[in-house]
Amino acid sequence: MARSKSHRGLYITILIIGIITGIFFYMLKSVEKMAEDMPIENIDLTRIADGKYEGEAHLDPVMVITEVTVKDGKIGDIYIKEHRRGYGEKAEKTVVEEILNTQKMNVDVVSGATISSKAIMKSVENALKTAVKKPL
């Protein structure tokens, strides 16, 4: 009898852990899908004065703050000031290099780091949006 109760407790514990794990992965997939679908706008760099601009983006569980340097109508440098992430560290170098090489904010995401990739792109976009010269 006591053995049966201990088995029942074990089964209930395993069931609860399974449910919690399932909910976690469902929520993570939902955030990944939202990140994949998030539009990233390529900003007209000729409308931005030389200078440093800060932007940020939040895609829970990821948060990114970037400092973007513009010189002569081009992105000269991107410095990631803060990156709170899950497993997205590998996105930092690759996404920044792609943005610098193409001079576009919307570049390919890094496999296995979709959320961080999109958050970095969105943070750069947000920095440059604040810098766009207003038309006369």
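Read the figures in this text as sums done on the coordinates, not as results from a lab. Model, not experiment: these values are computed from the prediction. Note that we place each Cβ from the backbone using ideal geometry, even for glycine, and neighbour counts take in every protein chain shown.
In this structure, Glu36 and Val132 have a Cβ-Cβ separation that, at R0 = 25 Å, corresponds to a calculated FRET efficiency of about 0.45. Between Glu54 and Ile20, the simple spin-label model (points 7 angstrom out along Cα→Cβ) gives 3.7 nm. In segment 73-136, a dipole from Cβ-located charges (positive for Lys and Arg, negative for Asp and Glu) runs towards its positive end, and of Val132, Ser111, Leu100 it is Val132 whose Cα lies farthest in that direction. Cβ-Cβ distance of Ser6 and Lys90, R₀ of 41 Å, FRET efficiency by 1/(1 + (r/R0)^6): the value works out to about 0.40.
The convex hull built on the alpha-carbon positions of segment 48-136 has an orientation-averaged projected area of 5.3 nm².
Highest-first packing order for the peptide set 116-123, 94-101, 13-20 is 116-123, 94-101, 13-20, based on the mean count of other beta carbon atoms within 10 Å.
List the residues of segment 95-136 whose backbone N lies under 12 Å from a point placed 7 Å from the Cα of Asp44 along the Cα-to-Cβ direction. From segment 95-136, the list is 132-136.
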